Amino acid sequence: YTGGTTISGGTLIATHVNALGTGAIDNRASLLLDASGQFAVTDLTTESGGNTEIGAGSTLQATTLTQKSDSTLTINLNSNTADPVIHAASQVSLAGTLDITGVGDVLDSDPASTDDLDTFTLIASDKTIAGDFEKLTVAGMDADLADFITVDGRIDDTGKQYELTTALTWYADRDDAVTDAHGTFNLTNADGSFAVNTVLENVDATLDPDSATGWDGTSLIKQGAGTLILNAENTYTVGTTISGGTLVATNVDALGSGDVTDDATLELNTGGTFDNAISGSGQVVKSGDDTLTLSGSNTYTGGTIISGGTLVASNVEALGTGDVTNDAVLELNTGG
C-alpha cells in the first residue's frame, strides 16, 4: 500500500521489510523495524514523545528522516549490522535522544593505539544534516574497553554523516561525549600496551563543572601494569604521575612541561634535552639510539638504566639518588 502509516498509540512491530508499504510514516507512539534486511520508505517522522527503533540487523532507506524534539531514535547493533544503518536521500533533521545498543559488536574494544580508534556510520544523508541529537545514550560496549577510551556520536566534518566513534576520554568534555573527561590511563594487563599518537593539550577550559572525575584537565596519570607509549609533542602543563607499569616517551616533549612523579618505570626512548624534574620511587630507563640529556635536578630513587644510545647528565643531580646500570654510554657533563 502507498497511503502511508500513522502510529498514534501502542507499538507497531514490522517483521518484514515491506510490511509498511512505501508511503510516509508518522510515528507518534512506538515503532520497531525488526527484520533482517533493508526497509524502504518515503518519509519517516518521529513526533515528540515517540520512539522509533531499528532492530539489530535491520537497515532503513528513506527519502527523509525527521526526529523531533523529545523523540527517541533507538538503534540496535550487532556483528551483522551494515553501515550506514539509515540512509536518507533527501533530508535528515535531528533532535531528541539517540539510544544505541550493541556498540561492542561494531567498534574495536581493544585498540592498540589512537590510530586504531573506530568510526561506524549510523546515519548518512545526501544533503547536510539539520540539527543534532540533544542526548546520546550508549550501551553494549565490551566490558574490556579501556576507561581512557570513550564512545561518542557526532556529525562528521562533511555534515552529511552521523558517526559512532571511539575517542580518547581526555577530550570527552570538549567533544560533548557521553562520559566525563579524565586524564588517567589505566592499563591493567602487564603484557598490554597503548600508543597515544594524538597531541594531549590542556582542556581545563572545556571541562564539565559537574564532572564526577575531579580532573584538572592539565595532568596525566599512568596506572596499571601495562605500558603507555606517548609519541606526540604534548603540551599539557601541570605534570605526569606514573604509579604503575611503564610509561614510554618517544618524544622529548611527550610529557608536557610539568614535573614527573615516577613511582614505577619511566622509559625515555628519545633524544634532545629533557628538563622536566623527575621525582618518586621509580626508575628511569634510557633506551634507543639517540643522545638524551637530563638537565634537571632530579630526586627519583629507583635507579637509572641505560640500555641504548647515550645519556648525558648535565646536572650533578640529574640521575637521582639510585644506582646506575650502564649498558650503553653515560656522559657526565657537569661539575660538583
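The values are calculated or read from the model by the stated rules, or taken from the named source; none is laboratory data. The shown structure was predicted, so the numbers you read here are calculated from the model rather than taken from an experiment. Every residue, glycine among them, receives a Cβ derived from its backbone with ideal geometry; neighbour counts consider all protein chains shown.
Determine, yes or no, whether Ala277 is among the aliphatic types (A, V, I, L, M), in contact with an Asp or Glu (Cβ under 7 Å, 6 or more places away or on another chain) and not assigned by TED's automatic domain parsing to the domain that holds Ala112.
yes
Condition test on Thr81, is it modelled with pLDDT of 95 or more and of a type outside the set (A, V, I, L, M, F, W, C)?
Here the answer is no, as Thr81 does not meet what is asked.
Can you say whether Asp115 is in a strand (DSSP E or B) and charged (D, E, K, R), as far as the supplied structure shows?
no
Looking only at region 147-154, decide whether some residue is in contact (Cβ under 8 Å) with a residue 40 or more places away in the chain, over 17 Å from the mean Cα position of the chain (by Cα) and not assigned by TED's automatic domain parsing to the domain that holds Ala225.
no
Counting just the residues of region 260-269 that are of a type outside the set (A, V, I, L, M, F, W, C) and either surrounded by fewer than 22 Cβ atoms within 10 Å (Cβ to Cβ) or without any contact (Cβ under 8 Å) to a residue 40 or more places away in the chain (or both), which one comes out farthest from Ile305 (Cα to Cα)?
Thr261
Checking the structure you have, find out if any residue of region 135-143 is closer than 20 Å to Gly50 by Cβ and of a type outside the set (A, V, I, L, M).
The answer is yes, given that some residue of region 135-143 is closer than 20 Å to Gly50 by Cβ and of a type outside the set (A, V, I, L, M).
Okay, residues lined up against (1) farther than 17 Å from Leu12 by Cα; (2) in contact (Cβ under 8 Å) with a residue 60 or more places away in the chain:
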{"residue": "Asp34", "(1), (2)": "no, no"}
{"residue": "Thr45", "(1), (2)": "no, no"}
{"residue": "Leu73", "(1), (2)": "no, yes"}
{"residue": "Ile86", "(1), (2)": "yes, no"}
{"residue": "Asp99", "(1), (2)": "yes, no"}
{"residue": "Val103", "(1), (2)": "yes, yes"}
{"residue": "Ala112", "(1), (2)": "yes, yes"}
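If you go through region 15-25 one residue at a time, do you hit one that is farther than 23 Å from Ser125 by Cβ, surrounded by fewer than 17 Cβ atoms within 10 Å (Cβ to Cβ), touching a strand residue (DSSP E or B) at 6+ places or on another chain (Cβ under 7 Å) and at pLDDT 95 or above?
Within region 15-25, none of the residues are farther than 23 Å from Ser125 by Cβ, surrounded by fewer than 17 Cβ atoms within 10 Å (Cβ to Cβ), touching a strand residue (DSSP E or B) at 6+ places or on another chain (Cβ under 7 Å) and at pLDDT 95 or above.
Quick check on this structure: which one of Gly282, Gly272, Gly256, Gly296 is touching a Ser or Thr at 6+ places or on another chain (Cβ under 8 Å) and without any contact (Cβ under 8 Å) to a residue 40 or more places away in the chain?
Checking each option against the conditions leaves just Gly272.
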